[in-house]
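The values are calculated or read from the model by the stated rules, or taken from the named source; none is laboratory data. On a predicted model such as this, the values are computed, not experimentally measured, just so you know. Ideal geometry is used to build each Cβ from the backbone, glycine not excepted, and the neighbour counts take in all protein chains shown. We work out accessible area using only protein heavy atoms, side chains counted, and drop any ligands, DNA or RNA first. Shrake-Rupley method; radii C 1.70, N 1.55, O 1.52, S 1.80 Å.
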Amino acid sequence: MIRSVTSLLLLAFLAGACAPAGSRAVDIGIHYSHYSTTLISVPAGVPVTFTIHNDDPIDHEWLLGDLAMHERHRTGTEPVHAARPDELTIPALSTRTTTLTFPVAMTLTYMCHLPGHEAYGMVGTLTASK
Ligand SMILES: [Cu+2]
């Protein structure tokens with residue numbers, strides 16, 4: 001009996017090492033220049049891992065931010081987004097993963113700012129809530 005309790009504790013520890021307690025995973029597909037989901041709700045205060053699959057034969061972006069951030073990108077000239085965890089370029093036929101924690105409740109928008117993609121509908125809303 002003691003041995004089985006020890007085994008359960010070990011399993012709980014290993015599970016915790018793989019994914020922090022309360023963490024979440026969100027999968028987003030991109031197909032025909034549209035996100036598979038345009039409304040995402042996540043909890044605030046825990047890590048959320050986003051996995052974004054681009055099934056298209058062209059590159060896309062997943063840029064998450066407030067309206068001021070998107071306005072900068074609409075008029076900006078950055079060709080590639082790779083250094084920021086909330087600004088991803090997903091090359092054609094590839095997958096990118098990023099983990100973000102939203103410290104407080106907030107609503108943000110994600111978009112692809114490649115020419116014409118926002119107007120075509122590559123826009124979604126993320127809500128983090130306590
Ligand atoms: Cu795009």
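Just to verify a result, which residue in the range 29-49, among those that are without any contact (Cβ under 8 Å) to a residue 60 or more places away in the chain and within 16 Å of the ligand (Cβ to nearest atom), is surrounded by the fewest Cβ atoms within 10 Å (Cβ to Cβ)?
32
Can you name the strands (runs of 3 or more DSSP E) wholly within the range 1-94 that have at least 1 residues being over 15 Å from residue 111 (Cα atoms), at pLDDT 85 or above and under 14 Å from the mean Cα position of the chain (by Cα)?
Correct list: 24-31, 39-43, 47-54.
List every residue pair whose Cβ atoms sit under 8 Å apart, with the two residues 6 or more apart in sequence or on different chains, where the first one lies in the range 110-130 and is over 21 Å from residue 45 (Cα atoms) and the second, anywhere, is part of a loop (DSSP other than H, G, I, E, B) and of a type in the set (D, E, K, R).
As it stands, the answer is 114/59, since those pairs meet every condition given.
Could you please find all residues in the range 101-130 being open to solvent by less than 20 Å² (accessible area, probe 1.4 Å) and not in a loop (DSSP other than H, G, I, E, B)?
Scanning the range 101-130 gives 110, 111, 124, 126, 128.
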